[in-house]
Amino acid sequence: MKILVTGGAGFIGANFIFHMMEAHPDYDIVCLDALTYAGNLATLESVMDKPNFKFVKGDIADRKTVFELFEAEKFNIVVNFAAESHVDRSIEDPGIFLRTNVLGTQVLMDACNEYGIDRFHQVGTDEVYGDLPLDRPDLFFTEDMPLTASSPYSASKASADLLVMAYHRTYGLPVTISRCSNNYGPYQFPEKLIPLMIANALADKNLPVYGTGENVRDWLYVEDHCRAIDLIIHDGEVGQVYNIGGHNEKSNLDVVKIILNQVGKPEELITFVGDRKGHDLRYAIDPKKIHEELGWLPETMFVDGIKLTIDWYLENESWWKNIISGEYQDYYDKMYSNR
Ligand code: NAD
Ligand code: TYD
């Protein structure tokens, strides 16, 4: 079995490669990644020399590169993680989100059609369902909800999902889509809430909470996510969408307070800053379908996962300090000064 993992030098893709190499040591894995600001070869160091792993630097939207790779490798399964993934960046510069997330997905599926595969799996997001009100804790995202989008990021991911389903219906491409909630865990780029707050707390810097901090996210430990995708690509039904997440809802303010408490820093570091434009209020997954059909449920509750995550960032300071000492500083100054 040969699997193409796109975006595998990023946060979730890399964790998925580690999961697959452990769970299926007989599989061959090829990672295609453009190594944008979010891709990091240091993350893949532990697998780089394995005989059943190959890294290819390339852009999923580059048709020639993608077609040559498919021609040479004859993949059985493609799992598409490659994307521009940060909402705040999409508000500043939407164009690259459309190119990578929509057109890149199209190029991959064209290659699948041309060379034949058993499964194309699209890694999606629950942000394509829009948001839920804060005062209706009884409401959850289900797979049959209409797609809507608040940010250029979620619009690009919703567009990609529609295209994936269109390729299934029109060309019979054997696809599945998963839509997960906010991931956290080792190797997450420190522009996202949890690693950013851990890094700032450890450096005694202010923790910039957008708006009131009441916005709610449904936190999914990355290993639980990888396990779910492993199940879907093997046992999931072609043409189906599976939501992944559930039962780990927290307000941003609570998340930040938990981090401060765990690293022994004062709550006075919390600074309320200007709100994100179009800021989604609440995300919450109903995992009934994947639970009933594939027997999956999240195993790591937030209280345990956040401890594992903080311990990882404490033990792997050089990984993230390397990132925040580079061009990340310019990004941080641009996004957070005068906010
Ligand atoms: P990430 O930003 O950490 O990594 C993205 C990876 O894709 C990077 O390695 C980057 O170099 C690569 N990439 C970007 N553009 C590319 C291109 N044109 N060609 C090839 N590679 C390219 O993202 P992540 O957090 O690991 O997210 C992975 C996937 O999961 C994305 O599709 C994202 O939309 C989805 N997702 C993420 C979350 C989350 O909480 N992180 C939640 C829901 C869905
Ligand atoms: P983020 O990690 O960017 O994920 P997403 O936007 O995909 O949910 O943000 C998670 C939540 O944290 C979101 O409500 C925005 C908020 N947030 C802050 O309050 N401060 C920050 O510095 C960041 C990056 C996010």
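FYI, it's all coordinate maths here, none of it is from the lab. Because the structure is predicted, anything quoted here is derived from the model rather than measured. Please note: Cβ atoms are built from the backbone with ideal geometry, for glycine as well, and neighbour counts cover all protein chains shown.
Tabulated data
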{"quantity": "Rounded tilt (10° steps) of 252-263 against the dominant C-alpha axis of the chain", "calculated": "80"}
{"quantity": "Of K250/K277; K192/K334; K54/K321; K205/K334, those spanning more than 18 Å from alpha-carbon to alpha-carbon", "calculated": "K250/K277; K54/K321"}
{"quantity": "Cβ-based charge dipole, the chain, positive-most Cα from H234, L41, G274", "calculated": "G274"}
{"quantity": "Positive-end extreme of charge dipole, the stretch 74-145 - chosen from F120, F140, F97 (charges on Cβ)", "calculated": "F120"}
{"quantity": "Helix-only CD estimate at 222 nm, as mean residue ellipticity for the chain, using -39500 (n - 2.57) per DSSP H run (n ≥ 4)", "calculated": "-12000 deg cm²/dmol"}
{"quantity": "Assigned charges on the beta-carbon of Lys, Arg, Asp, Glu; the chain dipole about Cα centre (debye)", "calculated": "480"}
{"quantity": "Translational D in µm²/s for the stretch 159-205 (Stokes-Einstein at 20 °C, 1.002 mPa s, Kirkwood Rh from C-alpha pairs)", "calculated": "157"}
{"quantity": "Charge context of K277, other residues only, Cβ under 14 angstrom, K/R +1, D/E -1", "calculated": "-3"}
{"quantity": "Sparsely packed GluC sites (Glu not before Pro) within the stretch 235-330, loop by DSSP, other Cβ within 10 Å at most 12", "calculated": "E237, E299, E327"}
{"quantity": "Pairwise centroid distance, computed over Cα atoms, of the stretch 42-72 with the stretch 127-191, Å", "calculated": "26"}
{"quantity": "Ranked list, fewest to most other Cβ atoms within 10 Å of each Cβ, for L193, L207", "calculated": "L193, L207"}
{"quantity": "Angle in degrees between helix 105-115 and the longest Cα principal axis of the chain, rounded to the nearest 10", "calculated": "20"}
{"quantity": "Sorted by Cβ density within 10 Å, fewest first, the residues W296, W319", "calculated": "W319, W296"}
{"quantity": "Charge dipole (the chain, unit charges on Cβ, about Cα centre) - positive-most of F53, L260, F70", "calculated": "F70"}
{"quantity": "Counting DSSP beta bridges with both ends in the chain, the antiparallel % (nearest 5)", "calculated": "10"}
{"quantity": "Spatially proximal aspartates and glutamates relative to K265 (Cα-Cα < 17 Å; intrachain offsets below 8 disregarded)", "calculated": "D204, D254, D311"}
